[in-house]
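Report on one structure; see the data block that follows.
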Amino acid sequence: MVPAILIKNLTKRYSDTNVVDNISLSIKGGEFFGLLGPNGAGKTTMIGILTGLVNKTDGKVQLFGKDVEKDYTEARSLIGLVPQEFNFDIFEKVYNLLYFNAGYFGIPKKDRRPRIKELLTALNLWEKRNVPMRTLSGGMKRKVMIARALIHNPKILILDEPTAGVDVETRKMMWQYFKEINKQGTTIILTTHYLEEAEFLCERVGIINKGIMVKLDTTQNLLQFHGKDAKLEDVFIHLTTQ
């Protein structure tokens, strides 16, 4: 079976520094995978390469068999990205933001409203559809970005610190939503500094430090190896402070 994401000997070099250093990784379809590491470890660079925003120096990256450079258009259509930073017109209305993004992915006009309503209802935002983005709380803005990433029903969803700055109640609601999407077959990659988030959501995690993959295993195995009362935070600190 073709993996959802196949990375072989991936390297990204800036000047004389390898920000991503010869990383190989295979993620199966429908997996919920955590990509963890301290600030500057190379996580965002890897995501940039997956989404075609950053050119790799060396190696191979395929999404369901599509090369991210040679088959850029097809590969990009497979991905929905929720970036760390807010990157939308703050004066645009919620509905219009999603409507225009649906058009970007070629969704017919007749199908856009049902899809937008489905997503905003699931995220408890339908009543906010006609308000400008700037009037929403931080948590609501995050949820709109999730809806935008999912508008075209991507096979792969990349969540780059999706709950940063979100209150605990909203964060847990988002966790359940992510789990439901994953159960429906969407492959998810999560980066987060909330390690309890990765522990709750991810079947498997890869921990990178200074561009190198220092550990790749199931979440369960990592916790068992470090003791019955271990938390993912303990494992993370041990592996990234060597």
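Looking at region 182-189, is at least one residue crowded, with 22+ Cβ neighbours inside 10 Å, within 15 Å of the chain's Cα centre (by Cα), of a type in the set (Val, Ile, Thr) and farther than 25 Å from Leu223 by Cβ? Outline the logic, then answer.
Initial filter on region 182-189 (crowded, with 22+ Cβ neighbours inside 10 Å): 187-189.
Filter once more, keeping what is within 15 Å of the chain's Cα centre (by Cα): 187-189.
Add one more test, that the residue is of a type in the set (Val, Ile, Thr), and what stays is 187-189.
This time we only want the ones that are farther than 25 Å from Leu223 by Cβ, so: none.
No - not one qualifying residue is present in region 182-189.
Given the criterion within 22 Å of the chain's Cα centre (by Cα) and either surrounded by fewer than 17 Cβ atoms within 10 Å (Cβ to Cβ) or acidic (Asp, Glu) (or both), identify the matching residue among Ala102, Ala122. Working first, answer last.
Details: Ala102 fails: either surrounded by fewer than 17 Cβ atoms within 10 Å (Cβ to Cβ) or acidic (Asp, Glu) (or both).
Among Ala102, Ala122, only Ala122 is within 22 Å of the chain's Cα centre (by Cα) and either surrounded by fewer than 17 Cβ atoms within 10 Å (Cβ to Cβ) or acidic (Asp, Glu) (or both).
Can you tell me which of Gly185, Gly206 is assigned to a loop (DSSP other than H, G, I, E, B), out of contact with any helix residue (DSSP H, G or I) (no Cβ under 9 Å at 6 or more places or on another chain) and within 18 Å of Ile27 (Cβ to Cβ)?
Within the list Gly185, Gly206, the selection yields Gly185.
Here is a yes/no grid of residues against (1) in a helix (DSSP H, G or I); (2) of a type in the set (A, V, I, L, M); (3) surrounded by fewer than 14 Cβ atoms within 10 Å (Cβ to Cβ); (4) touching a residue at least 60 places away in the same chain (Cβ under 8 Å):
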| residue | (1), (2), (3), (4) |
| --- | --- |
| Asn9 | no, no, yes, no |
| Thr44 | yes, no, no, yes |
| Asn55 | no, no, yes, no |
| Asn87 | no, no, yes, no |
| Leu97 | yes, yes, no, no |
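If we scan region 155-171, do we find a residue that is over 19 Å from Thr44 (Cβ atoms), in contact (Cβ under 8 Å) with a residue 60 or more places away in the chain and either assigned to a helix (DSSP H, G or I) or of a type in the set (Asp, Glu) (or both)?
no
Where a number appears in this text, it was derived from the coordinates with a stated rule and is not lab data. Values in this document were obtained by computation on a predicted structure and should not be read as measured data. FYI the Cβ positions are ideal-geometry reconstructions off the backbone, even for glycines, and counts take in every protein chain you see.
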